[in-house]
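Step one of this worksheet: look at the structure below.
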Amino acid sequence: MAKPKPEYDRISELKAFDETKAGVKGLFDSGIKNVPRMFHYRPDKLDKNSSVSNGIHVSIPVIDLAGVKEDPGTLRNIIDKVRNASKSWGFFQVENHGIPLSVLQDMKDGVVQFFEQYLEAKKKFFTRDYSTKNVAYNSNFDLYSSPAANWRDTLFCLMAPKPPVPHELPEVSRDIMMEYSKQVMQLGCLLFELLSEALGLQPDHLKDMGCTQGLGMLSHYFPACPQPELTLGTTKHSDNDFLTVLLQDHIGGLQVLHQNQWVDVPPTPGALVVNIYS
């Protein structure tokens, strides 16, 4: 008689994976051909959805911020667009936002450099303790509680209100993380001013409530997957902060939910995606 297959022990698989501290990048580097079961999603969770509704292509609003500080008429027009996009979508893209293209590219390069450096250098930042650590590298913050793991690794850095001292940041991407954070904080202040006015409030209203004080930076890395039909890089979720500013790379894959329809958000060079918590 054939031996019965041993019962699947998910917890043991999760622990063995976590203890390597190598993340999904480690699996990719090992040359695996089959995605481990801990990453498998139910087929109904992997349904592909089109951004075409009733034959009409839909896309999230794009708002050009050029001249926002220079012309009152332009400012009013931008405020109207922010109000409409926030009410109808909760998402929009911004162009001419003031962050140089070189900074955006250097930030994307810095993320790749962190995750593709030697494992021993990354291990120094490995932790699941978010309560006392400003900088945390791991794979799946909810590894032990989610029904299936995402095919990605993440570096989290709390950049404000109490930023880490420079030596706490990864040397390979330290300078660009600090510069990008500074630039995003400035953009965030502008976005909160626009949102305040879109709500019929004074420009500093949300700032005075403390909305501009904090900044958490999440850098995701998605290694190539040998069986992409079995897993996801990021599952359906809602961000739990007030405002998210998202920098995409050239790969794409981002979707947002609008009127029960998943809508593709293809990468636009130089643009940033803004997500308002709702």
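Structural remarks
- Residue (of 86, 74, 110) at the positive-pole extreme of region 67-153, dipole from beta-carbon charges: 86
- Prolate/oblate/rounded call for region 116-266, Cα gyration tensor, a/c under 1.5 rounded: oblate
- Residue-count net charge about residue 199 - beta-carbon cut-off 12 Å; Lys, Arg +1, Asp, Glu -1: 0
- Under a 5 Å amide H cut-off, with hydrogens placed 1.01 Å from N, residue 160 pairs with 215 among residues at least 5 apart or on other chains.
- With all pairs of separate Cα atoms included, region 102-151 yields a Kirkwood hydrodynamic radius of 12.7 Å.
- Projecting label points 7 angstrom from Cα along Cα→Cβ for residue 134 and residue 240 puts them 2.2 nm apart.
- Ignoring the sites themselves, the chain has its longest run without GluC sites (Glu not before Pro) in a DSSP loop having at most 15 other Cβ atoms within 10 Å at 172-278.
- Just checking the listed ones, 248, 105, 259: in the Gaussian network model of the chain with Cα springs under 10 Å, the one fluctuating most is 259.
- Normalised by the number of residues in region 47-197, the average gap of Cα pairs under 8 Å and 6 or more apart makes the relative contact order 22 percent.
- With respect to the chain, whose longest principal axis is taken over its alpha-carbon atoms, helix 72-88 is tilted by about 40°.
- For the chain, the solvent-accessible area of protein heavy atoms averages 59 Å² per residue (probe radius 1.4 Å; ligands and nucleic acids excluded).
- Computed about its Cα centre, the charge dipole of region 174-278 is approximately 140 debye, with only Lys, Arg, Asp and Glu carrying charge at their Cβ.
- Working note: Cα gyration tensor of region 219-263, eigenvalues times five, square-rooted, sorted largest first, giving semi-axes of 21, 15, 11 Å.
- Longest segment of the chain lacking chymotrypsin sites (Phe, Trp or Tyr not before Pro) that sit in a DSSP loop with at most 11 other Cβ atoms within 10 Å: 119-276
- For q = 0.12, 0.14 Å⁻¹, Debye-computed log10 I/I(0) when each Cα of the chain counts as one equal scatterer: -0.85, -1.13
- Carbon/sulfur fraction of accessible area - the chain, other protein chains in place, 1.4 Å, %: 53
- Only one residue of 170, 225, 154 has its Cα farthest out toward the positive end of the dipole of the chain, where Lys and Arg carry +1 and Asp and Glu -1 on Cβ, and that residue is 225.
The values are calculated or read from the model by the stated rules, or taken from the named source; none is laboratory data. What you see is a predicted model, and the numbers here were worked out from it, not measured in a lab. Neighbour counts are summed over all protein chains in view; Cβ atoms, including those assigned to glycine, are modelled from backbone coordinates with ideal geometry. What goes into the accessible areas is simple: the full protein's heavy atoms, side chains included, and nothing from ligands, DNA or RNA. Shrake-Rupley method; radii C 1.70, N 1.55, O 1.52, S 1.80 Å.
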